[in-house]
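No lab work stands behind these numbers, since they all come straight from the coordinates. Everything quoted here is computed from the prediction, not taken from an experiment. Every residue, glycine as well, gets a Cβ built from its backbone with ideal geometry; the counts of neighbours run over all protein chains shown.
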């Protein structure tokens with residue numbers, strides 16, 4: 001085994017879904033590492049879904065089971081993401097007018 005070789009950590013990705021009427025909090029609808037993470041990111045890009053990078057938050061969200069709402073202790077962090085996406089949507093809307 002080569003001690004000089006350092007394994008690169010696998011990329012991780014989480015997909016969240018939030019519908020104010022149907023959900024009390026955002027849900028984890030997809031998650032994975034390596035190939036699965038690449039597919040999640042590719043699908044997001046293909047559908048023009050904004051991507052927000054935060055390794056610490058991804059690590060915490062990886063512990064949430066699929067199709068489960070995020071726990072209350074993550075509300076603040078996820079609210080910041082939703083605000084970020086809202087600002088992007090507003091900027092795109094202004095450009096289309």
So what is the 222 nm mean residue ellipticity for the chain from helices alone, if each DSSP H run of at least 4 adds -39500 (n - 2.57) and you divide by all residues, rounding to the nearest 500 deg cm²/dmol? -13500 deg cm²/dmol
Taking Cα pairs closer than 8 Å and at least 6 residues apart, the relative contact order of the range 12-96 in percent is 30
Computed over the chain: longest principal axis from alpha-carbon atoms vs helix 35-46 long axis, angle to nearest 10 degrees, is 30
Springs between alpha-carbon pairs under 10 angstrom, Gaussian network model over the chain: which of 85, 14, 70 fluctuates most? 85
Gyration tensor (Cα only) of the chain to equivalent ellipsoid, semi-axes in Å sorted down, yields 27, 18, 12
Using a 10 angstrom cutoff on alpha carbons, build the Gaussian network for the chain and name the most mobile of 59, 17, 48. 48
So what's the angle, to the nearest 10 degrees on a 0 to 90 scale, between helix 75-96 and the longest Cα principal axis of the chain? 60
Taking R0 as 25 Å, what's the FRET efficiency between residue 67 and residue 41 from their Cβ-Cβ distance, rounded to 0.05? 0.80
